[in-house]
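Visitor: Please find one structure pasted underneath; my questions will follow.
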Amino acid sequence: MSVRREARAYAPASVGNIGVGFDLLGHTIAGPRDTATVRRIAEPTVRIRSIGGDVAGADRLPLAAAENTAGQALISLREKLRLGYGFELELEKGIALGSGLGGSAASCVAAVVAANALLDAPLSRAALYPFALDGESVSSGSRHGDNVAPMLFGGVVMATATRVIELQAPEWLHCVVVHPDQVLETRRARAVLAEPYPLGLVVEQSAHLALFLTGLQRGDADLIREGLQDLLVEPRRAPLIPGFAAVKSAALDSGALGASISGGGPSVFAWFRSAREADAAAAPMRAAFADAGFGSRVYVSPVAGPRAEVIGDDV
């Protein structure tokens with residue numbers, strides 16, 4: 001049987017945290033994506049040949065494999081599997097850097113999904129998860145799966161350090177994600193969370209998370225609305241995002257079940273009970289950022305978004 005030597009895969013953008021589930025919950029969206037082309041090479045190493053795309057700053061991303069999320073994910077994969085061969089990687093960035101849409105995670109997920117197609121015995125998505133976590137940690141400084149897990153599995157996912165649980169999202173749930181012309185680095189967004197939180201606030205946030213998860217499971221919009229309120233992270237990060245309060249208000253005024261910061265920001269997401277409501281809310285949310293002096297791009301998607309996939313069937 002012939003050995004496949006090259007594969008190309010994409011990974012979609014994602015909404016990390018979903019407000020109420022910091023470092024725990026995420027879902028993908030249709031629209032922006034990163035693409036990785038991986039080649040199987042004889043040398044037992046991982047090398048990045050090029051990084052391109054129409055994303056500002058992509059040409060400044062590190063080509064040294066161990067310093068790049070995708071490169072480190074492939075290093076971890078071949079070391080764990082003790083492969084006698086290596087991988088050459090080309091990345092095409094389609095998710096803006098520092099956008100809060102999981103760009104660093106998408107690169108490593110696209111890379112491991114492509115490389116998996118080149119293995120003599122491809123692994124399950126669950127088995128790829130630790131390698132994607134290793135890659136993501138290069139960017140964020142910690143191993144959290146709220147972006148890589150939904151990218152691997154699609155839709156809404158609960159992710160811990162060791163486990164991925166796919167959650168049911170009703171088909172009627174849609175989201176709007178607005179990405180302003182701002183950059184907010186993940187490490188800066190995490191730094192503002194360093195101070196401890198009072199116990200009462202943590203308990204209240206836990207109640208919101210329980211309501212939110214129950215609402216998803218039951219397909220109950222009222223429970224989702226009651227739970228989709230972030231008391232911990234949003235108040236500290238909101239001052240880092242000019243225009244955030246107005247964009248959130250525009251979403252809620254348009255009937256959103258809830259709205260908050262996507263990942264580390266500055267993108268803002270909102271959930272709606274239908275595609276029609278989401279479509280109608282996109283313009284006022286974008287206008288709110290414009291009033292604050294920022295252009296933006298807006299994406300409307302089912303909450304149960306796509307997962308990373310291999311593109312084509314060339315061998």
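The values are calculated or read from the model by the stated rules, or taken from the named source; none is laboratory data. Computed from a prediction, not measured in an experiment: that's the story for all the values here. No Cβ is skipped: glycine too gets one built from the backbone with ideal geometry, and neighbour counts run over all protein chains shown.
Visitor: If you go through segment 194-223 one residue at a time, how many are exposed (fewer than 14 other Cβ atoms within 10 Å of the Cβ) and assigned to a loop (DSSP other than H, G, I, E, B)?
Guide: Qualifying residue count for the region: 5.
Visitor: Here are the criteria: (1) more than 21 Å from ARG187 (Cα to Cα); (2) not in a helix (DSSP H, G or I). Tell me which single one VAL113 does not satisfy.
Guide: Exception for VAL113: condition (2).
Visitor: Only one of VAL55, VAL46 is modelled with pLDDT under 95, in the same structural domain as SER107 (by TED's automatic domain parsing) and touching a Lys or Arg at 6+ places or on another chain (Cβ under 7 Å). Can you tell me which?
Guide: Exactly one residue qualifies, and that residue is VAL55.
Visitor: Return the residue satisfying two criteria in turn: it lies in segment 47-63 and is closer than 18 Å to ASP134 by Cβ and touching a helix residue (DSSP H, G or I) at 6+ places or on another chain (Cβ under 7 Å), and of such residues it is surrounded by the most Cβ atoms within 10 Å (Cβ to Cβ).
Guide: ILE48
Visitor: If you check GLU88 against the conditions, is it over 23 Å from the mean Cα position of the chain (by Cα), assigned to a helix (DSSP H, G or I) and modelled with pLDDT of 95 or more?
Guide: So GLU88 does not fit the description; no.
Visitor: Do we find a residue being more than 30 Å from ALA221 (Cβ to Cβ), in contact with a strand residue (DSSP E or B) (Cβ under 7 Å, 6 or more places away or on another chain) and part of a helix (DSSP H, G or I) anywhere in segment 121-142?
Guide: Within segment 121-142, one or more residues are more than 30 Å from ALA221 (Cβ to Cβ), in contact with a strand residue (DSSP E or B) (Cβ under 7 Å, 6 or more places away or on another chain) and part of a helix (DSSP H, G or I).
Visitor: Next up: Report whether or not GLY312 is closer than 12 Å to HIS179 by Cβ, surrounded by fewer than 20 Cβ atoms within 10 Å (Cβ to Cβ) and in contact (Cβ under 8 Å) with a residue 12 or more places away in the chain.
Guide: Answer is no for this residue.
Visitor: Also: Between residues in segment 74-103 that are free of Cβ contacts under 8 Å to residues at least 60 places away in the same chain and over 22 Å from SER140 (Cα atoms) and residues that are surrounded by 24 or more Cβ atoms within 10 Å (Cβ to Cβ) and of a type in the set (A, V, I, L, M, F, W, C), which pairs lie under 6 Å by C-beta distance while being six or more apart or on different chains?
Guide: GLY86/VAL46; PHE87/VAL38; PHE87/VAL46; PHE87/LEU74; PHE87/ALA115
Visitor: When segment 224-252 is examined, which residues are found to be part of a helix (DSSP H, G or I) and closer than 14 Å to GLY19 by Cα?
Guide: Selection gives ILE224, ARG225, GLU226, GLY227, GLU234, PRO235, ARG236, ARG237, ALA238, PHE244, LYS248.
Visitor: Give me the residue from segment 1-21 that is modelled with pLDDT of 95 or more and not in a strand (DSSP E or B) and, out of that set, surrounded by the fewest Cβ atoms within 10 Å (Cβ to Cβ).
Guide: Across segment 1-21, the extreme among qualifying residues is GLY21.
Visitor: Looking at segment 255-262, can you tell me whether even one residue there is assigned to a helix (DSSP H, G or I) and surrounded by fewer than 19 Cβ atoms within 10 Å (Cβ to Cβ)?
Guide: For segment 255-262, residues assigned to a helix (DSSP H, G or I) and surrounded by fewer than 19 Cβ atoms within 10 Å (Cβ to Cβ): absent.
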